[in-house]
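To keep things clear, I will list the structure first and then write my remarks on it.
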Amino acid sequence: MGCELCNNEDCYVDGIYKNNEDKYMLRLYTGWNEYWDDFDYGEIEVKYCPKCGRNLE
């Protein structure tokens with residue numbers, strides 16, 4: 001089956017999803033937030049698979 005993100009049979013990347021603007025976003029967890037009892041995170045747009053380097057366009 002392989003990676004849904006980049007179609008590489010040997011690759012699987014977690015934390016990436018396609019937003020409603022059809023852009024691939026990578027969610028980066030920055031640490032534990034005790035107030036929310038969850039992880040804080042930021043997001044960046046990615047154009048290449050961060051694991052194997054395949055172009056996502």
Applying the selection to segment 45-57, what residues are assigned to a loop (DSSP other than H, G, I, E, B), among the charged types (D, E, K, R) and either within 13 Å of the chain's Cα centre (by Cα) or at pLDDT 90 or above (or both)? Lys47, Lys51, Arg54
Does Tyr24 satisfy being of a type in the set (Ser, Thr, Tyr), open to solvent by 80 Å² or more (accessible area, probe 1.4 Å) and under 14 Å from the mean Cα position of the chain (by Cα)? no
Counting only residues that are out of contact with any Leu (no Cβ under 8 Å at 6 or more places or on another chain) and assigned to a strand (DSSP E or B), which one in segment 33-44 is farthest from Gly15 (Cα to Cα)? Asn33
Selected residue (only one of Tyr12, Tyr17 is on the phi < 0 side of the Ramachandran plot, touching a strand residue (DSSP E or B) at 6+ places or on another chain (Cβ under 7 Å) and either part of a strand (DSSP E or B) or in contact (Cβ under 8 Å) with a residue 24 or more places away in the chain (or both)): Tyr17
When (1) surrounded by 13 or more Cβ atoms within 10 Å (Cβ to Cβ); (2) modelled with pLDDT of 85 or more; (3) in contact with a Phe, Trp or Tyr (Cβ under 6 Å, 6 or more places away or on another chain) are applied to Cys3, the one that fails is (2)
Within segment 33-56, residues being of a type in the set (A, V, I, L, M, F, W, C), in contact with a Phe, Trp or Tyr (Cβ under 6 Å, 6 or more places away or on another chain) and either without any contact (Cβ under 8 Å) to a residue 12 or more places away in the chain or open to solvent by 30 Å² or more (accessible area, probe 1.4 Å) (or both) number 1
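The values are calculated or read from the model by the stated rules, or taken from the named source; none is laboratory data. Since we're looking at a predicted model, the values are computed, not measured. Every residue, glycine as well, gets a Cβ built from its backbone with ideal geometry; the counts of neighbours run over all protein chains shown. Areas reflect the complete protein model, heavy atoms only, side chains present, ligands, DNA and RNA absent. Shrake-Rupley method; radii C 1.70, N 1.55, O 1.52, S 1.80 Å.
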